[in-house]
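Since the structure comes first, as structure tokens, the remarks are kept for the end.
Rule-based calculations on the coordinates, nothing more; no lab input. From a predicted model like this one, the values you see are computed outputs, not experimental measurements. Cβ placement follows ideal geometry from the backbone for every residue including glycine, while neighbour counts extend to all protein chains displayed.
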Amino acid sequence: MNKILPNSAEARDVAYHFHGYTNARAHEENGPVIMETGKGVRVFDNNGKSYIEAMAGLWSVAVGFDEDRLADAAYQQMCKLPFYHNFSHKSHGPVVDLAEKLISMAPVPMSKVFFTNSGSEANDTIIKLVWYRSNAMGKPEKKKIISRLRGYHGVTALSASLTGLPNNHRSFDLPFEGIKHTTCPHYWKDGQDGETEEEFATRCAKDLDAMIQAEGPDTVAAFIAEPIMGAGGVVVPPTTYWEKIQAVLAEYDILLIADEVICGFGRTGKMFGSETYDIKPDIMTMSKQITSSYIPFSAFMINERVYEPVADESNKIGVLGHGYTGGAHPVGAAVALENIKIIEERNLVQNAAETGAYMQEQLGALLDHPLVGEVRGQALIAAVEVVPPTGREAEFNPGVLGGRLNALMAENGVISRNMMDALAFCPPLIITRDEVDEVVDILGRSLNQLDTEL
Ligand code: PMP
């Protein structure tokens, strides 16, 4: 526990700043960790303590914490045209260039890009457009959306409804009606005795099919999922999962929304998670690594199947009654273009694949540790599941060991993040093997410390 000095930045933070994803009362007691600077994969707090940011902030800083080219891109754009919007047929260079670039990068044929400010806002907008489309097609009953338990799609009222995690619903009166959650494909946790990974994938697809049948196939408009679940605990899809899920969706003419907010721009060793798992989405959500989170920005792409009815409906009504002041922001678009250029020039997707394979191998070696139950991941995204010592399972509530291990990691100079007992790793795409070694050494040491404490 930190001692909070009067009038310090810590004290003023407690006095005036209401934090997201924080226990407010615990914060009053313990205060914040205040970060001051960043360099490469590291950040430094106001006491000068150095941390490897093994979560890339919030799964998001692809190019590291000191990329001058992004600062320059923002500065140049601010000097030239600091703001413009895209309402009423207006446009500007950066957004035209970025839309064209994203369409050229899409793993499947896409038609148009819509710009928003956060992952939540993008998913919220997507659901509204899916509804709009169903009305345009004369199918007003086709409105339900299927998401997954433990999926994460944001925190606005609609996107939090898509999210399949209890803390995003509890006391918020969510989820909204018409949003359903199907099975989470976590084989290690939910696979049954004697069931192979493929059999488990078949069961997940059957559960989806049964849910669609129970709801009425004509009432289900879309299915939304992350290629790899991130905030739900880094759940890597079991073999054949995506193939089987897509077959079910095709049978009932249900749109597929791939939420690429974490997986997009190289995280899984290909430019998009949809490429890694051969997913053919109708809609793709993008944020975080699109600008390395140097500036809030998000976007989604839609194919012709989605665009055409929506365009017709806007023509019938006279306008598309949706758009954000900061959507298609020129500074965000300029930063995104430069960031994507850096990812391409420096072969960061290849580094994610290669250094990522090394990270998986090194983390995998920790499976021998008595407190490690599963190591899972793909390229530069992974989770290490902490389990109680054999025979002592009843002593620990879920999340207690994960929380303690995460705290030890921070003390030892690595920022990770625990989702219950899964410790997640999602470092910047620029990470080197030596830096991976540092992270894994500190994890091994922290696991041993935890073992001693127990
Ligand atoms: N989708 C996914 C897959 C995410 O991981 C997140 C953020 N963690 C979001 C959507 C929401 O993004 P934001 O926090 O920018 O609203």
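Of note:
- Under the Karplus curve 6.51 cos²θ - 1.76 cosθ + 1.60, θ = phi - 60°, whole-Hz ³J(HN,Hα) for the stretch 152-158, x wherever Gly or Pro sits: 10, 9, x, 10, 5, 4, 6
- Modelled spin labels at PHE172 and LYS189, positioned 7 Å past Cα toward Cβ, are 1.8 nm from each other.
- Interchain or long-range residues, amide H under 5 Å from GLY399's placed H: ASP421
- THR196/PHE18 FRET efficiency (R0 51 Å; Cβ-Cβ; nearest 0.05): 0.60
- Net length available on complete extension from LYS341 to ARG433 is 30.8 nm, with 0.36 nm assigned per residue and the Cα-Cα distance removed.
- Estimated FRET transfer efficiency (ASN315, LEU58; beta-carbon r; R0 45 Å; 0.05): 0.70
- Formal net charge of residues neighbouring ALA73 (Cβ-Cβ distance under 15 Å; K, R +1; D, E -1): -4
- Computed over neighbours whose Cβ is under 15 Å from that of SER274, the net charge equals -4, Lys and Arg +1, Asp and Glu -1.
- ASP368-GLU251 FRET efficiency (beta carbon distance; Förster radius 56 Å; 0.05 resolution): 0.80
- Percent breakdown of C-alpha pair distances by 5 Å bin, ordered from the shortest bin, for the stretch 251-309: 4, 19, 25, 22, 15, 9, 4, 1, 0
- Computed log₁₀ I(q)/I(0) - Debye formula, equal Cα scatterers, no solvent, the stretch 355-418, q 0.13, 0.22, 0.26, 0.28 Å⁻¹: -0.38, -1.00, -1.21, -1.26
- Each Cα pair under 8 Å and six or more residues apart adds its sequence gap; the mean of these over the residue count of the chain is a relative contact order of 20 percent.
- Rg and Dmax [Cα atoms of the stretch 188-239; Å; Rg one decimal, Dmax integer]: 13.0, 36
- Euclidean distance of C-alpha centroids, the stretch 29-100 and the stretch 240-288, integer Å: 26
- The stretch 118-250: C-alpha gyration tensor shape, a/c 1.5 cut-off, then a/b vs b/c: oblate
- Ignoring lysines fewer than eight residues from LYS139 along the same chain, the ones with Cα atoms less than 30 angstrom from its Cα are LYS112, LYS128, LYS180, LYS206, LYS244, LYS280, LYS316.
- If a spin label sat at a point 7 angstrom from the Cα of ASP45 along the line to its beta carbon, the backbone N atoms of the stretch 392-429 nearer than 16 Å would be those of 404-418.
- MET137 long-range amide H proximity, modeled H, under 5 Å: none
- Across the chain, Cα-Cα pairs more than 41 Å apart make up 17 percent of the total.
- Given their separation in residues at 0.36 nm each and the Cα-Cα distance between them, ASP278 and HIS89 gain 64.5 nm when the chain is fully extended.
- Cross-link reach is defined here as a Cα-Cα straight distance under 13 Å, omitting same-chain residues fewer than 8 places apart; for LYS80 the aspartates and glutamates meeting it are ASP72.
- If a spin label sat at a point 7 angstrom from the Cα of TYR75 along the line to its beta carbon, the backbone N atoms of the stretch 315-348 nearer than 15 Å would be those of 335.
- Translational diffusion coefficient (Stokes-Einstein; Kirkwood radius from C-alpha pairs) of the stretch 225-277 at 4 °C, 1.567 mPa s, in µm²/s: 112
- Estimated 222 nm signal from helices in the chain, with DSSP H stretches of n ≥ 4 weighted -39500 (n - 2.57), rounded to 500: -12500 deg cm²/dmol
- Rg/Rh (Cα only; Kirkwood hydrodynamic radius) as it applies to the stretch 413-454: 1.01
- Beta bridges by DSSP in the stretch 69-345, antiparallel share as percent, to the nearest 5: 40
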